[in-house]
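The values are calculated or read from the model by the stated rules, or taken from the named source; none is laboratory data. Only a predicted model underlies this, so the values are computations on that prediction, with no experimental measurement involved. Note: ideal-geometry Cβ built from the backbone for every residue, glycine included; neighbour counts use all protein chains shown.
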Amino acid sequence: MLGQDVVRVLRDAGEDVTGLDRAEADITDPVALEPWLDGADVVVNCAAWTAVDAAETAEADAFTVNAVGAATLARGAARHGVRLVHVSTDYVFDGLATSPYPEGAPQRPRSAYGRTKAAGEWAVAAAAPDHLVVRTAWLYGAGGPCFPATVQKVLRERGSMQVVDDQVGQPTWTVDLARFVLALVRAGVPSGSYHGTSSGQASWYEFAGAVAAAAGLDPALVTPTTSESFVRPAPRPAYSVLGHDAAAAAGVAPIGDWRERWEEAAASVLAPGAGAPEPRP
């Protein structure tokens, strides 16, 4: 979902970009990476194990992708003098804060997925001096399954749904994240960690109501509930709001407010046929 929009945004901006899938460039295989790293200026790593609940019983597999793969790519990038942009997650934090997490906040992951992503961040910082770790959260987009598409589908098929109102975060459009990554790279920001999420904050319940309205449905079809009613194998962060001071200090504007960005994104994300990967050229 993210990779498709990164490629599209870079191409539209006039960059010479090559999009690669696992069959072409398995990030856990240093030999497979070599021909692609040779001659590149920047690599954006959108590859990850993102099945949060499945990682609880397959942590070794998630670690292979999220940590070993990140380390392999970072070492290759360093050998070739390539700037590495590594996409990470709010799950590296504990989700117990009451104010936005700064970029340098201590990592205290509470899930297997979070642990593997935290390890990947450490590996990238250790192996690739020229790196940007870009944490994001609550991603949605037209190129894959996502929360807005699910809300629309469930409301149209069932007529109502319950959504938790005690988890707070920043709904973020993949197109906006792709543009943010491009802005960081073009600005030549210092190596380090940055947060690529929309500004403002919302609960999943609030976001679902905004999705219903954008789909032409009554937001009252969405009713609030608590996390206790939807217990999942992996703990969900109660608070996933990330601060944007590092980007601002480097002269890169943060992504706009989530509600305004959703208004722009909604038509493409909720369009018929959205959610399926595009055929490769």
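Check whether at least one residue in segment 49-64 is exposed (fewer than 14 other Cβ atoms within 10 Å of the Cβ), of a type in the set (V, I, T) and under 28 Å from S111 (Cα atoms), and report yes or no. Yes - at least one qualifying residue is present in segment 49-64. For the residues A32, A60, A23, A55, the requirement of being without any contact (Cβ under 8 Å) to a residue 12 or more places away in the chain, part of a helix (DSSP H, G or I) and closer than 30 Å to P233 by Cβ singles out A60.
Taken over segment 118-169, the criterion of being in contact with a strand residue (DSSP E or B) (Cβ under 6 Å, 6 or more places away or on another chain) and among the small types (G, A, S) is satisfied by A128, A137.
Conditions tested, residue by residue: (1) part of a helix (DSSP H, G or I); (2) crowded, with 19+ Cβ neighbours inside 10 Å; (3) aliphatic (A, V, I, L, M).
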site	(1), (2), (3)
P190	no, no, no
T197	no, yes, no
F207	yes, yes, no
R236	no, yes, no
I255	no, yes, yes
E263	yes, no, no
G273	no, no, no
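Taken over segment 238-253, the criterion of being in a loop (DSSP other than H, G, I, E, B) and surrounded by 14 or more Cβ atoms within 10 Å (Cβ to Cβ) is satisfied by A238, S240, V241, G243, H244, A250, V252.
Taking segment 95-106 as the range and being closer than 13 Å to G169 by Cα, in a loop (DSSP other than H, G, I, E, B), of a type outside the set (G, A, S) and within 18 Å of the chain's Cα centre (by Cα) as the test, only P100 passes. Of all residue pairs spaced 6 or more apart or on separate chains, those with beta-carbon atoms under 9 Å, a first member in segment 144-170 that is closer than 22 Å to A271 by Cα and at pLDDT below 95 and a second member that is buried (at least 19 other Cβ atoms within 10 Å of the Cβ) and not aliphatic (A, V, I, L, M) are G144/Q4; G144/T174; G144/G275; P145/G275. Looking for whichever is crowded, with 23+ Cβ neighbours inside 10 Å, modelled with pLDDT of 95 or more and over 21 Å from A213 (Cβ atoms) here; the options are L182, L132. Which one fits? Step by step, each of L182, L132 is checked, and only L132 is crowded, with 23+ Cβ neighbours inside 10 Å, modelled with pLDDT of 95 or more and over 21 Å from A213 (Cβ atoms). Somewhere in segment 158-169, is a residue more than 29 Å from A248 (Cα to Cα) and assigned to a helix (DSSP H, G or I)? Scanning segment 158-169 turns up at least one residue that is more than 29 Å from A248 (Cα to Cα) and assigned to a helix (DSSP H, G or I).
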